[in-house]
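The block underneath contains the structure these notes are about, expressed in structure tokens.
The values are calculated or read from the model by the stated rules, or taken from the named source; none is laboratory data. Bear in mind the structure is a predicted one, so any value in this text is a computation, not a measurement. Using ideal geometry, Cβ is built from the backbone for each residue, glycine included, and neighbour counts are taken over all protein chains shown.
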């Protein structure tokens, strides 16, 4: 007979755990396990008790348990100040309150300001050292902090911010100076996109002669949409006014004096018809402009110019009905036509290259482009999809993929810089005055902070700087010379 103590001593940890599980689940009686394994019941009870303690400990929440110890050093305090300011968008007073309330550390607002200025000096050096030669399309815009203009420039592909500077003016000289500074870092895009700002465009002609500045379709589309909405509200008001007069006319007729309102009601009905017709026509024209002319997928440049001129001419014919509102929009369309349609020339060139490389007709490639205007859930989309597949045969998928890929890289609006402006406003609201060092720190942080989420999957987990260069970099705190805390 085997010695129970020897058997127990030779059991591995895995075997003892299995024994404890059998005893806990009562699959086998302790006596039965003792006889089968050749060990004492006391040993089995000890393993069972150990397993019960482990389970109790796993399910017991101890709120006072210390998760880990954090070495609070002066350098760590500096990192916390930067993180609170840049990540959490905290004010200097907020940083001071948190330090005192949570850590018992007395930090003045002046100290917070000094720490930010010190980091800003390092950040600006990194900003100036960045190579900007890989930027293909630059997006320019202006944002205001109170009365102070802030000039902004963003790479359309990577969202890298290469220009963020406060200035006293936003004239051509100011824009030219800042663009010259960017050119020293290799900035030489194929073209830029901006709104109709005269100072911005004139400054680019000085700093980047020969570089086209395409029009931003977002601003003109918004301006046209606002016009359509205003006219729709005026038409609705005219309808309401007419209904009120009709009710008053009914009451007047009952009192035998309906003729007193007849002229006023006739004029109101005439105004209602005119306002309703004008609102409907302008809404239709704006829809055509958005869907058929300024949309990415559409006719060639020559065709769009004809349609564009038609829209402007139709607005001109109705301008006398509401000159104060229609005239500015009509003139903006006429003055910006070539700039707004510049993206179509880029699209036409890419479609021509696809047709030549695939050895198919340009019309079929254009049809593949126009197919993207339809919803993939519609019957018409798949009907046209099948027709194209029959015509292109084995080249269909290659042509379609090439067209879709080409369309992805043709920006029409400065949406990225508008997005940057919306993020900057949350920082600007905390400060009445903006200094160049602080903006340089913001520029560095936004360029080296990784995207936690994005509509473009290729951007998730990467920073704009990484997307621009194609190379990974250290955490932004480490780039500023700090050593981040790492749990053991």
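Results, tabulated for the structure shown:
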| item | result |
| --- | --- |
| Unmet requirement for residue 375, which otherwise passes all of (1) part of a loop (DSSP other than H, G, I, E, B); (2) within 20 Å of residue 162 (Cα to Cα) | (2) |
| Subset of the stretch 103-157 [out of contact with any strand residue (DSSP E or B) (no Cβ under 8 Å at 6 or more places or on another chain), farther than 20 Å from residue 462 by Cα and buried (at least 19 other Cβ atoms within 10 Å of the Cβ)] | 107, 112, 115, 116, 119, 120 |
| Qualifying position, being without any contact (Cβ under 8 Å) to a residue 24 or more places away in the chain, more than 19 Å from residue 346 (Cα to Cα) and not assigned by TED's automatic domain parsing to the domain that holds residue 381, among 287, 279, 268 | 287 |
| Tabulated pairs, the stretch 407-426, first within 20 Å of residue 166 (Cβ to Cβ), second modelled with pLDDT of 80 or more and in a helix (DSSP H, G or I), C-beta under 8 angstrom, 6+ apart or interchain | 414/218; 418/218; 420/446; 423/446; 424/442 |
| One residue from 374, 383, 395, 359 being under 31 Å from the mean Cα position of the chain (by Cα) and either modelled with pLDDT of 95 or more or surrounded by fewer than 17 Cβ atoms within 10 Å (Cβ to Cβ) (or both) | 374 |
| Single match in 79, 47, 37 (criterion: in contact (Cβ under 8 Å) with a residue 12 or more places away in the chain and within 21 Å of residue 476 (Cβ to Cβ)) | 79 |
| Test: residue in the stretch 224-235 that is part of a helix (DSSP H, G or I), farther than 24 Å from residue 410 by Cα and not assigned by TED's automatic domain parsing to the domain that holds residue 332 | no |
| Leading residue by the ranking (nearest to residue 487 (Cα to Cα)) among those in the stretch 55-93 that are at pLDDT below 80 and in a loop (DSSP other than H, G, I, E, B) | 67 |
| Enumeration of residues in the stretch 182-212 that are in contact (Cβ under 8 Å) with a residue 40 or more places away in the chain and either within 16 Å of residue 468 (Cα to Cα) or part of a loop (DSSP other than H, G, I, E, B) (or both) | 182, 185, 186, 187, 188, 189, 190, 195, 196, 197, 212 |
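Quick grid of which residues meet (1) at pLDDT below 95; (2) under 26 Å from residue 84 (Cβ atoms); (3) surrounded by fewer than 22 Cβ atoms within 10 Å (Cβ to Cβ); (4) touching a strand residue (DSSP E or B) at 6+ places or on another chain (Cβ under 8 Å):
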| position | (1), (2), (3), (4) |
| --- | --- |
| 450 | yes, yes, yes, no |
| 453 | yes, yes, yes, yes |
| 459 | yes, yes, yes, yes |
| 462 | yes, yes, yes, yes |
| 466 | yes, yes, yes, no |
| 469 | yes, no, yes, no |
